[in-house]
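Here is the structure we will look at.
The values are calculated or read from the model by the stated rules, or taken from the named source; none is laboratory data. Everything numeric here is computed off the predicted structure, so don't read it as measured data. Positions of Cβ are backbone-derived with ideal geometry, glycine not excepted, and every protein chain shown enters the neighbour counts.
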Amino acid sequence: MKLNYRRTFFIGFAFLAISAFWQMYDNIIPLILQNTFHLSESVIGMIMAVDNVLAVVLLPVIGTLSDRVDTPLGKRTPFIIGGTAAAVCLMLLLPAADRNENRVLFIVALGATLLAMAMYRSPAVALMPDLTPKPLRSKANAVINLMGAIGGVYTLLLIRTLVGKGKQPDYFPVFTGVAAIMVLSVVLLVLTTKEKKIAEQVAAEYPEQEETAAEKLQEDKAGRLDPAVKKSLVLILLSVFFWFAAYNAVTTAFSRYAVTVWGMENGGYAGCLMTATVAAIISYIPIGLLASRFGRKKMILLGIVLMGSCFLMAGFMPEYHPVINVGFCMIGFGWAAIGVNSLPMVVEMSKSGDIGKYIGLYYTFSMSAQIATPVLSGLLLDFVSYRTLFPYAVVFCILAFVTMSMVKHGDNRPESKKDILENFDVED
């Protein structure tokens, strides 16, 4: 059985488009809310949390709905086409509202754009498993993650090169560039990936295989989770919340922090974030190899220490200095070390028939953190000082280290990867 890399590459364009959009959303929307509409930090934090609230509420609903439809284009493709078309049209209203300082238009267009993206995300995530045999999904997910990373770097390059000078930068070129890659990505996806036909071929050629792995002895006779395993599960889920709270606070507010505290202009802050992203991509393979030798838990703890130390260093920097890029490189490595190993540890505590349930728990805690942390950090930025951003992240890194250090289960060392791409198989 061999992965169809060409097909997976084109499926990955859906993820490339998604990543390109959210990179722009996290970096530019807060600046517009602050500089054009002069909203407080706490209000900005609440607005920036809306996408995560919609994700928790709508993504499961839209995903289930796409499971049940059957069209000539397939189950997922109509949602991807419709959601992308709506998102592209609506998102171009945002820089227009920014130019005209029309707050009502901006808020309405932003809400509508986020709804359109919610229509797009779940079906796009489901498309790869639909069209990939079970034994090959690890390799396929690696390709998908790489495509998503390319989309994020693409947007950071746009910000770095196209954001205009002056107190009122013109963001329209960046929005146009992101809209263009979204349209191009979906066109390539639709032209090259005939969803319904491929799904029928995969179902005929690779009938689903039953799980045959032996269940771990971690339940009592009543089928309840062993108390010790349950404790580890709770602790690692708390850790997930804490490290997402730390990392998301920085990524959400960094563009404003860099401009306000460090005096960076013309999209220069994008270089720091791009350094972290590229470092994470490069780190996936070494982290996979190190985890196979030293264990997942140790790599996660190392990642937390690296992130926390670099956040602490950044908090003491009075202005931008090139050494900050070294710190962001280490942040990228640390975040990759966490991402590669955390979800497998959660799944390790499940039975073969409960994997979906445990993955759902993982995402409940990660998305909840991304809802809460922009609001909490925004309140501190608003009522105390911008200088609270990195100490805030350090505190949550410390909490994550404490809870993660007490986890006693789920640390089976992964087997050596047969294919180099499998080392890229991570969940954001």
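Some values worked out for this structure:
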| read-out | value |
| --- | --- |
| Scan of the stretch 11-59 for residues that are of a type in the set (Phe, Trp, Tyr) and under 18 Å from the mean Cα position of the chain (by Cα), ordered by number | PHE13, PHE15, PHE21, TRP22, TYR25 |
| Residue match in the stretch 80-102 (condition: among the acidic types (Asp, Glu) and either under 24 Å from LEU184 (Cα atoms) or in contact with a strand residue (DSSP E or B) (Cβ under 9 Å, 6 or more places away or on another chain) (or both)) | no |
| Conditions (1) at pLDDT 85 or above; (2) closer than 24 Å to VAL53 by Cβ; (3) surrounded by 16 or more Cβ atoms within 10 Å (Cβ to Cβ); number of the one not met by VAL104 | (3) |
| Single match in ILE44, ILE62 (criterion: in a helix (DSSP H, G or I) and touching a Gly at 6+ places or on another chain (Cβ under 7 Å)) | ILE44 |
| Residue check, THR36 among the hydroxyl-bearing types (Ser, Thr, Tyr), modelled with pLDDT of 85 or more and assigned by TED's automatic domain parsing to the domain that holds ARG121 | yes |
| Which listed residue is free of Cβ contacts under 8 Å to residues at least 24 places away in the same chain and buried (at least 17 other Cβ atoms within 10 Å of the Cβ), from ALA49, ALA97 | ALA97 |
| Single unsatisfied condition, TYR247 versus (1) at pLDDT below 90; (2) farther than 17 Å from THR155 by Cα | (1) |
| Residue tally, condition part of a helix (DSSP H, G or I) and at pLDDT 90 or above, over the stretch 158-196 | 22 |
| Lone unmet requirement of (1) modelled with pLDDT under 85; (2) not in a helix (DSSP H, G or I); (3) not polar (S, T, N, Q) for TRP262 | (1) |
| Some residue of the stretch 18-37 being surrounded by fewer than 17 Cβ atoms within 10 Å (Cβ to Cβ), among the hydroxyl-bearing types (Ser, Thr, Tyr) and either on the phi < 0 side of the Ramachandran plot or in contact with a Gly (Cβ under 9 Å, 6 or more places away or on another chain) (or both) | no |
| Residue match in the stretch 328-341 (condition: over 23 Å from the mean Cα position of the chain (by Cα) and over 11 Å from CYS397 (Cα atoms)) | no |
